[in-house]
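The values are calculated or read from the model by the stated rules, or taken from the named source; none is laboratory data. No experiment lies behind these values; they were computed from the predicted model shown. Cβ atoms come from the backbone with ideal geometry, glycine included; neighbour counts cover every protein chain shown.
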């Protein structure tokens, strides 16, 4: 698991995620979509006002092509 605060470009190690039921359902559906279709690299789950967002992605350490350099570094170093 890798967690990145994209605003500060800093890794995170402990995160509390509080979701509404609607947001939790969207997260579940997004994960299902990625797991069923490997071509879907990531999904975005936004708050109702679009001011907050979680981006989820499934990766394999040996298959990092297509990821930006910051993501490859984060995955490779487990910061």
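Suppose we filter 56, 45, 75 for residues that are under 13 Å from the mean Cα position of the chain (by Cα) and in a helix (DSSP H, G or I); which single one remains?
Numbers: 56 fails: in a helix (DSSP H, G or I); 45 fails: in a helix (DSSP H, G or I).
Testing whether each residue is under 13 Å from the mean Cα position of the chain (by Cα) and in a helix (DSSP H, G or I) leaves just 75.
Scanning segment 34-79 for residues being more than 21 Å from residue 5 (Cβ to Cβ), modelled with pLDDT of 85 or more and either touching a strand residue (DSSP E or B) at 6+ places or on another chain (Cβ under 7 Å) or surrounded by 10 or more Cβ atoms within 10 Å (Cβ to Cβ) (or both) gives a total of 2.
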